[in-house]
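Here's the structure we're looking at; comments come further down.
The values are calculated or read from the model by the stated rules, or taken from the named source; none is laboratory data. The structure presented is a predicted model; accordingly, all values stated were derived computationally and were not measured. A quick note on method: Cβ atoms are made from the backbone with ideal geometry, for glycine too, and the neighbour counts reach across all protein chains shown. The protein model used for the area step is the full one, side chains on, heavy atoms only, and it has no ligands, DNA or RNA in it. Shrake-Rupley method; radii C 1.70, N 1.55, O 1.52, S 1.80 Å.
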Amino acid sequence: MAESLTPPTVKPQRPHFSSGPCAKRPGWSVSNLQDACVGRSHRSADGKAKLAEAIDRSKQILGIPADYRLGIVPASDTGAVEMALWSVLGQRPLDILAWESFGQEWVKDVVDELKLQDVRLLKAPYGSLPDLTTVDFSHDVVFLWNGTTSGVRVPNGDWIPNDREGLTICDATSAVFAMDIPWEKIDVLTYSWQKVLGGEAQHGVIVLSPRAVQRLESYQPSWPIPKIFRLAQKGKLIEGIFKGDTINTPSMLCVEDVLDSLKWAESLGGLSGLITRSTANLQAIAQWVEKSNWAGFLAENAEERSSTSICLKIVDEWFTGLSADDQASIAKKLTKVLEKEGVAYDIAPYRSAPPGLRIWGGATVETSDLEALLPWLDWAYATVKAEATR
């Protein structure tokens, strides 16, 4: 026992494993922002050029089809999702999928706020996906590509038909730039800069297919749409949003920061390089989990495991025999020990998720830092368990 309670000697160089805002890209420095268009209007020629550059580089890296539109919008991914829900829903019945906390939030929105009547909820507990074969694509469909608080992702887009009648609306904030998105399966997709790119918070991105644009230009919801959610006006898409003419004032520091991240992504070979880095992070944790006698993946199916928001549960029989309150207390102590040692910050599970750990494995995280962290996880768990069983 004494040996197992001896702390490791090597610490991660960057102990930043938060699931949002996430680690900055390797080598990042505030000096990278020296060319930011600060003190200038975002509607000036220079300001709009920076915003348009962020749009163009994002579309190129992600391989977004030329006839799709990408726009920068307010209020992070949450704002982008709200824009989509308020602007396009209501014409058709809705299937909405939920298997973690943010999916549940979108359910509340469409049922309690928009008060849609013809809604079918396809739900699954933490660790699982709903039955994707039961989705009705004559309906509009709202889903997450990757469950940020559960570590469960859809394995691919094969379950979505190309000849669907309804729109697919996808919250992909912890998936995009780390997972392959089949754009022909997606009509509306949202994300923020603060996840895989390691950008600063508050700015969202919305991507629209031609089918989504057609909906916006031919359908007017029965409810009033606030200006901040407005994508169309008088039956026409507000095209400026997708050319750098933002709805409200963006932070040009944040814009410069995401341009830095996008250029870094290009230096890796673009999307394939980002995916490779994130996949390697998942593999490192998977190899450790396979040998662990106390930790397991929250995601039950290996094909559905997230490579970004990697969620772990504690499977040790001593732990599972504790009360729910005691389990939560132990998990909290575990993360506090790791933070006190300066080896892992912000890896507690989401507040409504089962007790365990949530470790970000997106592309800005170095695999070597994760490999250095893993022995510390063993040490911290052994330490906390020993204290609890004295």
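Mind listing just one residue for me: the one in region 121-148 that is part of a loop (DSSP other than H, G, I, E, B) and among the aromatic types (Phe, Trp, Tyr) and, of those, most open to solvent (accessible area, probe 1.4 Å)? Can you show your working first?
Applying the first criterion (part of a loop (DSSP other than H, G, I, E, B)) to region 121-148 yields 124-131, 135-139, 145, 148.
From what's left, among the aromatic types (Phe, Trp, Tyr): 126, 137, 145.
Values: Tyr126: 58, Phe137: 24, Trp145: 5 Å².
If we take residues in region 121-148 being part of a loop (DSSP other than H, G, I, E, B) and among the aromatic types (Phe, Trp, Tyr), then Tyr126 is most open to solvent (accessible area, probe 1.4 Å).
Gly151 fails exactly one of the following numbered conditions: (1) on the phi < 0 side of the Ramachandran plot; (2) crowded, with 16+ Cβ neighbours inside 10 Å. What is the number of that condition?
Gly151 satisfies every listed condition except (1).
Is it the case that Glu300 is free of Cβ contacts under 8 Å to residues at least 12 places away in the same chain, under 30 Å from Leu144 (Cβ atoms) and under 26 Å from the mean Cα position of the chain (by Cα)? Break it down stepwise before answering.
Working: free of Cβ contacts under 8 Å to residues at least 12 places away in the same chain: no; under 30 Å from Leu144 (Cβ atoms): yes; under 26 Å from the mean Cα position of the chain (by Cα): yes.
No.
Please pick out the residue among Ala286, Ala212, Ala201 that is under 28 Å from Pro12 (Cβ atoms), part of a helix (DSSP H, G or I), open to solvent by less than 60 Å² (accessible area, probe 1.4 Å) and small (Gly, Ala, Ser).
When all the criteria are applied, what remains is Ala286.
Okay, residues lined up against (1) among the β-branched types (Val, Ile, Thr); (2) closer than 29 Å to His42 by Cα; (3) over 25 Å from the mean Cα position of the chain (by Cα):
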residue: Ile181; (1), (2), (3): yes, no, no
residue: Glu217; (1), (2), (3): no, yes, yes
residue: Phe229; (1), (2), (3): no, yes, no
residue: Ile238; (1), (2), (3): yes, yes, yes
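Please go through region 219-242 and pick out each residue that is out of contact with any strand residue (DSSP E or B) (no Cβ under 8 Å at 6 or more places or on another chain) and in a loop (DSSP other than H, G, I, E, B).
Tyr219, Gln220, Pro221, Ser222, Trp223, Pro224, Ile225, Pro226, Arg230, Lys234, Gly235, listed by residue number.
Out of all the residues in region 102-118, is one or more touching a Phe, Trp or Tyr at 6+ places or on another chain (Cβ under 8 Å) and over 26 Å from Glu184 (Cβ atoms)?
We begin by selecting, within region 102-118, every residue touching a Phe, Trp or Tyr at 6+ places or on another chain (Cβ under 8 Å); these are 103, 114.
Checking which are over 26 Å from Glu184 (Cβ atoms) leaves us with 114.
There is at least one residue in region 102-118 that is touching a Phe, Trp or Tyr at 6+ places or on another chain (Cβ under 8 Å) and over 26 Å from Glu184 (Cβ atoms).
Report, by residue number, each residue of region 199-218 that is touching a strand residue (DSSP E or B) at 6+ places or on another chain (Cβ under 9 Å) and more than 30 Å from Arg164 (Cα to Cα).
Passing the criteria: Gly199, Ala201, Gln202, His203.
Could you look through region 100-120, keep only residues that are in contact (Cβ under 8 Å) with a residue 24 or more places away in the chain and in a loop (DSSP other than H, G, I, E, B), and pick out the one that is surrounded by the most Cβ atoms within 10 Å (Cβ to Cβ)?
Step by step, filter region 100-120, then rank; the result is Glu100.
Between residues in region 186-201 that are over 15 Å from Ile275 (Cβ atoms) and in contact (Cβ under 8 Å) with a residue 12 or more places away in the chain and residues that are assigned to a loop (DSSP other than H, G, I, E, B) and charged (D, E, K, R), which pairs lie under 6 Å by C-beta distance while being six or more apart or on different chains?
That search, which allows pairs on different chains as well, returns Gly198/Lys24; Gly198/Arg25.
Every residue in region 178-198 that is part of a loop (DSSP other than H, G, I, E, B) and among the polar types (S, T, N, Q), please.
Answer for region 178-198, where residues must be part of a loop (DSSP other than H, G, I, E, B) and among the polar types (S, T, N, Q): just Gln194.
Look through Trp159, Trp193 and report the one residue that is in contact with a strand residue (DSSP E or B) (Cβ under 6 Å, 6 or more places away or on another chain) and of a type in the set (A, V, I, L, M, F, W, C). So that I can check it myself, show each step before the final result.
Numbers: Trp159 fails: in contact with a strand residue (DSSP E or B) (Cβ under 6 Å, 6 or more places away or on another chain).
Trp193 is the lone residue from the list that is in contact with a strand residue (DSSP E or B) (Cβ under 6 Å, 6 or more places away or on another chain) and of a type in the set (A, V, I, L, M, F, W, C).
Checking the conditions here, which among Lys48, Lys59 is open to solvent by 40 Å² or more (accessible area, probe 1.4 Å), within 30 Å of Leu208 (Cβ to Cβ), within 19 Å of the chain's Cα centre (by Cα) and modelled with pLDDT of 95 or more? Quick ask: steps written out before the conclusion?
Values: Lys48 fails: within 19 Å of the chain's Cα centre (by Cα).
Every option except Lys59 fails the conditions.
Would you tally the residues in region 67-99 being out of contact with any Gly (no Cβ under 9 Å at 6 or more places or on another chain), open to solvent by less than 10 Å² (accessible area, probe 1.4 Å) and either of a type in the set (Phe, Trp, Tyr) or assigned to a helix (DSSP H, G or I) (or both)?
Residues that pass the stated criteria total 4.
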